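Peer 1: Provided herewith is a single structure, encoded as structure tokens, for subsequent inquiry.
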Amino acid sequence: MNTTLDRAAVDVLLANWTGAYTVPSRALYPHQWSWDSAFVAIGLRHVSARRAQRELESLFGAQWADGRVPHIVFDPAAAPEGYFPGPDFWRSTGHPASPAVATSGLVQPPVHALAAWLTFRADPAQARRRGFLPRLYPRLAAWHRYLATRRGVDDLVAIVHPWESGMDNSPAWDDALCRVEPTPTHGFRRRDLLHVQAAERPTDTDYGRYVRLAGDYRDSGYADRLADAQFVLLDPMVNALYAASESALADIAAEIGEDPRPHREVAERASAALVARLFADGFCHAYDVHERRLDRQRTVAGLTPLVVADLPVAPALVKSALGDHFRLGRTALPPSYDLTGPAFDPDRYWRGPGWFNTTWLVWHGLTQHGELDHAARLRDATLTAARQAGFREYLHPFTGEGRGATDFSWTAAVVLDLLRTAP
Ligand code: 9WN
């Protein structure tokens, strides 16, 4: 049974491999996406350590001179009308810091150092032969320096667009987005609705707001003047991954003979700030920097700080995961948003459906904190969900019916990791 699932997951990753990286979905997302590639590497490392390394190397090949890792790297050979907003919208190649290849100017959650460390550990001898970590480490360090210096708010890092959270349509952004004047729909042409039903995607009004914010950021020259930006939020998942990836950077530094201590210090400060700033009532919430307040809604991002080792509030997060808001182990996949919350929608993108990558983060976090029974149950439920629905982008959290794209790369990758990582 598991052999069939394993084979099918490998087939999806092979089918979506372009020769240098893996597209998230051939139809809906025909380019390279930043955090998708990190999850893909985590799965791909079990099939081909070399290919997993290449996945990360090709992404970092498009790193900007200022250290940012763009959220999309466009395939010059792909049809320009295949995805909106495409290269014409971002106009990255006119920017002095951008690489030759066209990219977006936004970023995504920093899972990369964690993925690089896990990829290294899959086959250390082979990685050492290829000089994988010595070559990638300076780029990973520059990426984290970009976050700390250009996006730093105290010891945490801010996002300036919902797309930067990876959970684009999360209800946690609704209040801040209300202040953004949407670009009228006649000003752009959505491509996503050619592939996925409208009820499973963001509304036109929300899309108009994404386009406005991205256009304003582009027109500022991607300048990161946080005081002037309309949308400046501290997201618990971005910051949890930042802290966990700084710890991974420390491990990487130690492996290649660099000093791990500065990375450990950043990780400790980020972890302490995450708890001090974002934790309240047993949960981690998003914080609006301009409004100086927490958004008290609960999203699965608030459970992902479990990926941070030695997190003092881990027991409270496990309790919240098991309670009525997320019912861990009692749904097909953990929902992306509070099951009892006012904005809960089981079908719409990031407003309720379960996602495999965030589930993997919760599973990884439970494992890290020694919650092995909960982790095992979550793993079994996730594999059952994949067996029933296939490698869909997201699922109805109760029925487990597939939603969004099919043959989705990170779904296949994290399923493969769950299958190949012995419980
Ligand atoms: C915008 C590729 C990406 C993921 C994001 C997910 C979705 C894009 C979109 O797809 O976002 O970046 O067009 O909706 O929200 O997390 O990286 O899979």
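The values are calculated or read from the model by the stated rules, or taken from the named source; none is laboratory data. Quick caveat, the model's predicted, so the values are computed rather than measured. For neighbour counting, all protein chains shown are included, and Cβ atoms are generated from backbone atoms with ideal geometry for every residue, glycine included. Surface accessibility is based on the protein's heavy atoms, side chains included, excluding ligands, DNA and RNA. Shrake-Rupley method; radii C 1.70, N 1.55, O 1.52, S 1.80 Å.
Peer 1: Please tell me the relative contact order of the chain in percent, rounded to the nearest whole number, where contacts are Cα pairs under 8 Å and at least six residues apart.
Peer 2: Computed over the chain, the figure is 17 percent.
Peer 1: Another one. With a 1.4 Å probe and all protein chains left in place, how much of the accessible area of the chain comes from carbon and sulfur atoms, in whole percent?
Peer 2: 49
Peer 1: So how far apart, in nm, are the two label points at Ala125 and Phe398 if each is 7 Å from Cα heading toward Cβ?
Peer 2: Each label point lies 7 Å from its Cα, and together they span 5.3 nm.
Peer 1: Sticking with this structure for a sec: Which net charge results for the neighbourhood of Arg45, defined as the other residues with beta-carbon distances under 10 angstrom from its beta-carbon, given Lys and Arg at +1 and Asp and Glu at -1?
Peer 2: Net of charged neighbours comes to +1.
Peer 1: Based on the mean of other beta carbon atoms within 10 Å per residue, what is the order of 295-307, 53-65, most packed first?
Peer 2: Final packing ranking: 295-307, 53-65.
Peer 1: Just the Kirkwood number for segment 291-423, please: inverse of mean 1/r across all distinct Cα pairs, in Å, one decimal.
Peer 2: For segment 291-423, inverting the mean 1/r across all distinct Cα pairs yields 14.7 Å.
Peer 1: Can you tell me the accessible area per residue over the chain, all protein chains present, probe 1.4 angstrom, in square angstrom?
Peer 2: That works out to 36 Å² for each residue.
Peer 1: Please give the per residue volume of the convex hull enclosing the alpha carbon atoms of the chain, rounded to a whole number of Å³.
Peer 2: Value for the chain: 126 Å³ per residue.
Peer 1: Please report the Cα spread of segment 238-347 along all three principal axes, rounded to whole Å, starting with the longest.
Peer 2: 50, 35, 25 Å, listed from the longest principal axis down.
Peer 1: What do you get for Rg/Rh over segment 164-207 if you use C-alpha atoms and the Kirkwood form of Rh?
Peer 2: So for segment 164-207, dividing Rg by the Kirkwood Rh gives 0.96.
Peer 1: Please report, ordered by residue number, every helix of the chain (full DSSP H runs) that is 24 Å or longer along its axis going by C-alpha atoms and whose mean Kyte-Doolittle hydropathy reaches 0.5.
Peer 2: 236-255
Peer 1: Still on this structure, I have one more. Could you tell me how far the Cα centroid of segment 1-17 sits from the Cα centroid of segment 138-217, in Å?
Peer 2: Centre-to-centre (Cα) distance: 31 Å.
Peer 1: A follow-up question, please. Given 4 °C and 1.567 mPa s, compute D for segment 165-293 with the Stokes-Einstein relation, Rh being the Kirkwood radius over Cα pairs; round to the nearest whole µm²/s.
Peer 2: 75
Peer 1: Using alpha carbons only, how many angstrom separate the centre of segment 364-423 from the centre of segment 68-135?
Peer 2: Distance between centres, Cα-based: 25 Å.
Peer 1: If packing is taken as the mean number of other Cβ atoms within 10 Å per residue, what is the order of 160-169, 202-211, 72-81, highest first?
Peer 2: Ranking, from highest mean packing down: 160-169, 202-211, 72-81.
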